[in-house]
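Asks: This is the structure, below, for whatever I ask next.
Taken together, the values in this text are just the output of simple stated rules run on the coordinates, not laboratory data. Just so it is clear, the model here is predicted, and its values are computed rather than measured.
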Amino acid sequence: MKTPQRHNLTHQLTHDLGIAVVNGKYPIGQGMPSEAELCVEYDVSRSSTREAVKMLSAKGLISSRPKQGIRVLPESRWNMFDTDVLTWILSSKPSLSLLKEFTQVRFAIEPEAAALAAQNATAEQLAQIEHALTRMEDADNGLDDPLEADIEFHTCILNASGNRFFAQLSDFIGTALRVSIRYTNKIKGVPGADVQKHADIFNTIKSRDTDAAREAVSTILIEALALIESKL
């Protein structure tokens with residue numbers, strides 16, 4: 001049975017190695033230290049090291065094979081939808097090109113999710129979106145966290161879409177929004193998002209207007225993409 005201490009050590013080592021990989025400490029295509037060497041370098045047990053290597057292998061960052069050792073895989077193999085991998089990349093080397101790609105992914109997901117929410121949202125889900133909007137309004141007055149309120153608003157819409165695939169992207173979208181919102185707000189010179197435009201999104205969903213909901217979300221994404229591209 002895995003003890004809490006062992007679990008924490010494994011999690012910490014997975015995090016530390018993940019950061020090291022995305023930072024380029026261990027170059028892509030080249031060998032990493034062996035499990036025994038990692039035990040010494042990070043001062044952890046062999047079992048914790050073995051589990052951390054398995055976790056990073058499952059995330060597509062490394063491969064570990066007998067007689068070949070541990071190797072860093074090409075970025076094309078990394079699971080970018082894994083929230084750990086995305087967090088490590090965004091916290092270590094966030095780039096404008098990556099933020100642009102993420103915003104393009106949002107274009108493919110969020111306008112349609114909003115249109116589906118206009119069709120499918122339950123009364124409870126509408127209340128959750130409205131609650132997030134109220135938090136955004138409070139944040140404008142210094143009474144809440146503008147970043148957390150904004151993230152909650154967008155993830156509530158994904159969950160209200162009635163599409164299980166969209167709903168399961170909530171963690172991915174939320175993780176990346178944590179960086180991209182900070183960046184676009186910094187460019188605009190404001191602490192939080194445009195509450196009125198988010199209120200427009202909510203009202204179109206509440207009124208069951210699918211086309212208007214799709215357009216309202218597209219509008220804020222077009223602005224975000226334009227801001228990022230202006231700095232490329």
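Asks: Which helices pass in the chain if a helix is a full DSSP H run, must span at least 30 angstrom along its long axis by Cα, and must have mean Kyte-Doolittle hydropathy not below -1.0?
Replies: On the way: long enough: 96-120 (34 Å, 0.31).
Those that clear 30 Å and a mean of -1.0 are 96-120.
Asks: Okay, next question. Express the C-alpha Rg of the range 58-179 as a ratio against the empirical globular expectation 2.2 N^0.38 Å, rounded to two decimals. It would help to have the intermediate numbers written out before the result.
Replies: Numbers: Rg = 17.5 Å, N = 122, 2.2 N^0.38 = 13.7 Å.
That works out to 1.28 for the range 58-179.
Asks: From the mean inverse distance of alpha carbon pairs (Kirkwood) and the Cα radius of gyration, derive Rg over Rh for the range 4-77. Working shown, then result.
Replies: Working: Rg = 11.4 Å, Rh = 12.1 Å.
Rg divided by Rh gives 0.94.
Asks: Suppose a student asked you for the relative contact order of the range 1-155, using Cα pairs under 8 Å spaced at least 6 residues apart; what percent would you report?
Replies: 18 percent
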